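Reading through the structure tokens given below for one structure.
Read-outs: derived from the displayed coordinates by stated rules, not from any lab. On a predicted model such as this, the values are computed, not experimentally measured, just so you know. As a convention, Cβ positions derive from the backbone with ideal geometry for all residues, glycine included, and neighbour counts pool all protein chains shown.
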Amino acid sequence: MRLHRFYIDKPISEEMFDITDRDLVHQWRNVFRYNVGSQAVLFDGSGTDYLCIIRSLRNLGATVSVINKIENKNVPKINLWLCLGIIKKDNFELVIQKVTELGVSHIVPVLCDRSEKKNINMERLKKITIEASEQSGRGDIPEIHQVADFSEILEQKILPREKIALHLNSRYIGDFLSDKNLKEWAVFIGPEGGWSDDELKDFALHNIPQVSLGPQILRSETAAIAVTSLLLL
């Protein structure tokens, strides 16, 4: 029987420890109907899965003990940064869920000239990445960075050296990547309406190549999921 996985937002360093996350305890008691003796897989994002057994289950907490440690080999092939222009809430959250399942390492929401939405719920996005990581079996949680202004993110030093920007009518990405074997990439994807002329000029100014996924006009969320699949799978 497949055991469910749950993320713990603190390092698992002891053979027996308490669970104080009330939402998780509520889920165990009322959704999964766990009892003392039930088993679950816990992970803390360090790359190890911990097979645990519930020793005590209370209204506001639980105590579990580790009965086995398993190295989680479900790790991304490359360190991929997805710099995504902010789009409509439901579409943005869909992207976060799917790219987490695919193995993206970093997500940077970018405020662009044509972004219709200006604000995002960081706590909501964090919850989506946790649930997608639990479901997909990956051993870590992608990092969601604070919203960055387009012009500012290009000047920051946190991104990988190698960057590409998706833009229609540019060189096909398959041809561009044919002679590349890099372990770190930053990919820029624009919002609804695409990049503005000033943003395209900024890409050129910073020597960031523009590539396309083909002649089809893709929605932002489709392009984000497609390019993540291409680079990671």
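Figures for the structure shown
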read-out: Phi to ³J(HN,Hα) by Karplus 6.51 cos²θ - 1.76 cosθ + 1.60 over segment 23-34, Hz, x for Gly, Pro; value: 5, 5, 4, 4, 4, 4, 6, 9, 9, 8, 6, 5
read-out: Dipole in debye (nearest 20) - the chain, about Cα centre, beta carbon charges: Lys, Arg +1; Asp, Glu -1; value: 700
read-out: Chymotrypsin sites (Phe, Trp or Tyr not before Pro) restricted to DSSP loop in segment 20-64 with at most 12 other C-beta within 10 Å; value: PHE32
read-out: Using θ = phi - 60° and Karplus 6.51 cos²θ - 1.76 cosθ + 1.60, couplings along segment 114-126 (whole Hz; Gly, Pro as x); value: 9, 5, 6, 9, 10, 10, 9, 8, 5, 5, 5, 5, 4
read-out: Within straight-line cross-link reach of LYS73, lysines at Cα separation under 29 Å, skipping those fewer than 8 residues along the same chain; value: LYS10, LYS98, LYS126, LYS127, LYS163, LYS180, LYS183
read-out: Under 11 Å, Cβ to Cβ, from LYS73 - net charge with Lys/Arg +1 and Asp/Glu -1; value: -1
read-out: Cleavage-rule hits, trypsin sites (Lys or Arg not before Pro), segment 168-233, DSSP coil, Cβ neighbours within 10 Å at most 14; value: LYS180, LYS183, ARG219
read-out: Cross-link reach list, aspartates and glutamates versus LYS69, counting only Cα pairs under 16 Å and skipping chain neighbours closer than eight places; value: GLU14, GLU15, ASP44, ASP49, ASP140
read-out: Cut-off under 5 Å, modelled amide H: who pairs with GLU184 long-range; value: ASN79
read-out: Centroid-to-centroid separation of segment 191-219 and segment 1-78 [C-alpha atoms, Å]; value: 43
read-out: Considering only the chain, percent of DSSP beta bridges that pair antiparallel, nearest 5; value: 40
read-out: Burial ordering of VAL99, VAL66, fewest other beta-carbon atoms within 10 Å first; value: VAL66, VAL99
